[in-house]
Amino acid sequence: MLLERVTMSADELHAATGWEIKPEGACKGPECVPLGDFASARNAVDVRAFAAAMGMPLAADGKHQLWALGPRAGGHVLHSTELPEIVLDDFDGNAFDVATLRGRKVLLISWASW
Amino acid sequence: VWQALHTELEAAGLTIVTVDLDTDIEAARPFHDAANPTHPALVDPALSLVDMFGMTNVPFGVWIDETGTIVRPAEVAFAPRDAERVAAAQAQAARITGLDPERQAVITEMLKHTTGDASRYADAVRDWVRDGARSQYVLPADEVIRRSRPRPMAAAAAAAEFELGQHLHRAGHKLDAVPHFQEAHRLDPENWSYPRQAFALVDESMGKPYELDLLLEVGRVGPATFYPELTI
């Protein structure tokens, strides 16, 4: 996910990443990842330290002062067989939620002009 | 191309959903309009599915059952006519451009599995639609996860670099995007979605920002990584 700064409040970090900073660490659902002391500054969490603790890469572009926080490394791209949320537009700009197809089998096929 | 299979199996409970992975959906619209699909045909200009499922090229397919459970992870998914078209394009390219033997050998090697896979994949889909969870092609949960692409730090970092490149390109900083696309390829060389999309974004205003020749690069990294062999 794209970031315009690498210091943000715990609430902003939660909104951006889904990970909530709690006393026991960064938590999402039942999972909590212990963080170091840096996370105690709730108003100014160092995203670089957060990324390192979480095993997430942080790509940087110095010229444009932009960063991209990548997915957690380790394991496989699928952690479970539950379909992640997929809400995408069609070619006319209408949003479509793949979850509305529950009750049917779905074959999801990617393609591209390239 | 997928419309025929959708029409064939829709009444039996299958919906095909196609997702176009083009940063610029206008590049894909003519193909979409020509196919005139009746199934959901979505666009993913952020290429989010590449990272979500480990789609290292196109076309890739994922099977999702009635409960929203993934029963086969992302894998190469050629429709029968795709393979014929690829073979025809290959023959045509060789004729028209007089491809040198080195590039021709790369093409032959990277397309080695695709023709046979085309009918196998569609037949497996038919089997699944007919037999449901009893189909021999439905995988247990641990096997679905095990077969999904590993994500070491280099692959995760490549995803982040690609996202930066995508953003800069769309913001009009086309040449500033190039180093990030190059870094994504360096970090995760077997993910062909990155360089294929990056190369397709080159326009006249950019000059020639990439020294790489895609075919020779496929040959260097390994032709078998371009369309990983389907295990079905």
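The values are calculated or read from the model by the stated rules, or taken from the named source; none is laboratory data. As the structure is a computational prediction, the values presented were derived from the model and not from experiment. Using ideal geometry, Cβ is built from the backbone for each residue, glycine included, and neighbour counts are taken over all protein chains shown.
Among the candidates A:A68, A:A51, A:A59, single out the residue that is buried (at least 16 other Cβ atoms within 10 Å of the Cβ), part of a helix (DSSP H, G or I) and within 12 Å of another protein chain (Cβ to nearest Cβ).
On the way: A:A68 fails: part of a helix (DSSP H, G or I); A:A59 fails: part of a helix (DSSP H, G or I).
Checking each option against the conditions leaves just A:A51.
For (1) among the β-branched types (V, I, T); (2) under 22 Å from B:D203 (Cβ atoms); (3) in contact with a His (Cβ under 6 Å, 6 or more places away or on another chain); (4) at the interface with another protein chain (Cβ under 7 Å from one of its Cβ atoms), each residue gets a yes or a no:
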| residue | (1), (2), (3), (4) |
| --- | --- |
| B:L21 | no, yes, no, yes |
| B:D24 | no, yes, no, no |
| B:N36 | no, no, no, no |
| B:T56 | yes, no, no, no |
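Identify the single condition in (1) more than 14 Å from chain A (Cβ to nearest Cβ); (2) within 27 Å of B:D22 (Cβ to Cβ) that B:E161 does not satisfy, given that it satisfies every other one.
(1)
Before we move on, is B:E204 loosely packed, with under 15 Cβ neighbours inside 10 Å, of a type in the set (D, E, K, R), within 20 Å of A:W114 (Cβ to Cβ) and free of Cβ contacts under 8 Å to residues at least 60 places away in the same chain? First the steps, then the outcome.
On the way: loosely packed, with under 15 Cβ neighbours inside 10 Å: yes; of a type in the set (D, E, K, R): yes; within 20 Å of A:W114 (Cβ to Cβ): yes; free of Cβ contacts under 8 Å to residues at least 60 places away in the same chain: yes.
So B:E204 passes the test.
Quick one: which residue in B:Q166, B:Q136 is under 20 Å from B:N57 (Cα atoms) and more than 8 Å from every other protein chain (Cβ to nearest Cβ)? Talk me through it step by step, then tell me what you get.
Numbers: B:Q136 fails: under 20 Å from B:N57 (Cα atoms).
Checking each option against the conditions leaves just B:Q166.
For the stretch B:201-220, enumerate the residues that are part of a helix (DSSP H, G or I) and either more than 23 Å from A:L2 (Cβ to Cβ) or among the β-branched types (V, I, T) (or both).
Hits for the stretch B:201-220 are B:E204, B:S205, B:L214, B:L215, B:L216, B:E217, B:V218, B:G219, B:R220.
Just checking, which of A:L108, A:L101, A:L83 is under 18 Å from B:A46 (Cα atoms), surrounded by 14 or more Cβ atoms within 10 Å (Cβ to Cβ) and facing chain B (nearest Cβ under 7 Å)?
Just a single option satisfies the conditions, and that option is A:L108.
What are the residue pairs meeting all of these: first residue in the stretch B:178-195, first residue touching a residue at least 24 places away in the same chain (Cβ under 8 Å), second residue hydroxyl-bearing (S, T, Y) and part of a loop (DSSP other than H, G, I, E, B), Cβ atoms under 7 Å, and 6 or more apart or on different chains?
Going by the 7 Å Cβ cut-off, the qualifying pairs are B:E190/B:T56; B:N191/B:T56; B:W192/B:T56; B:S193/B:T56.
Give the number of residues within the stretch B:1-45 that are touching a Phe, Trp or Tyr at 6+ places or on another chain (Cβ under 9 Å), within 22 Å of B:D131 (Cβ to Cβ) and either hydroxyl-bearing (S, T, Y) or at pLDDT below 95 (or both).
1
Of everything in the stretch A:86-98, what is touching an Asp or Glu at 6+ places or on another chain (Cβ under 6 Å), of a type in the set (A, V, I, L, M) and within 7 Å of chain B (Cβ to nearest Cβ)? Give them in sequence order. Please lay out each step first, then the result.
Looking only at the stretch A:86-98, we keep the residues that are touching an Asp or Glu at 6+ places or on another chain (Cβ under 6 Å), and these are A:87-88, A:95-96.
Filter once more, keeping what is of a type in the set (A, V, I, L, M): A:87-88, A:95.
Answer for the stretch A:86-98, where residues must be touching an Asp or Glu at 6+ places or on another chain (Cβ under 6 Å), of a type in the set (A, V, I, L, M) and within 7 Å of chain B (Cβ to nearest Cβ): just A:L88.
Those residues that are of a type outside the set (F, W, Y), touching a residue at least 12 places away in the same chain (Cβ under 8 Å) and out of contact with any Gly (no Cβ under 6 Å at 6 or more places or on another chain), I need them from the stretch A:35-52; list them, please.
A:G36, A:A39, A:R42, A:N43, A:A44, A:V45, A:D46, A:V47, A:R48, A:A49, A:A51
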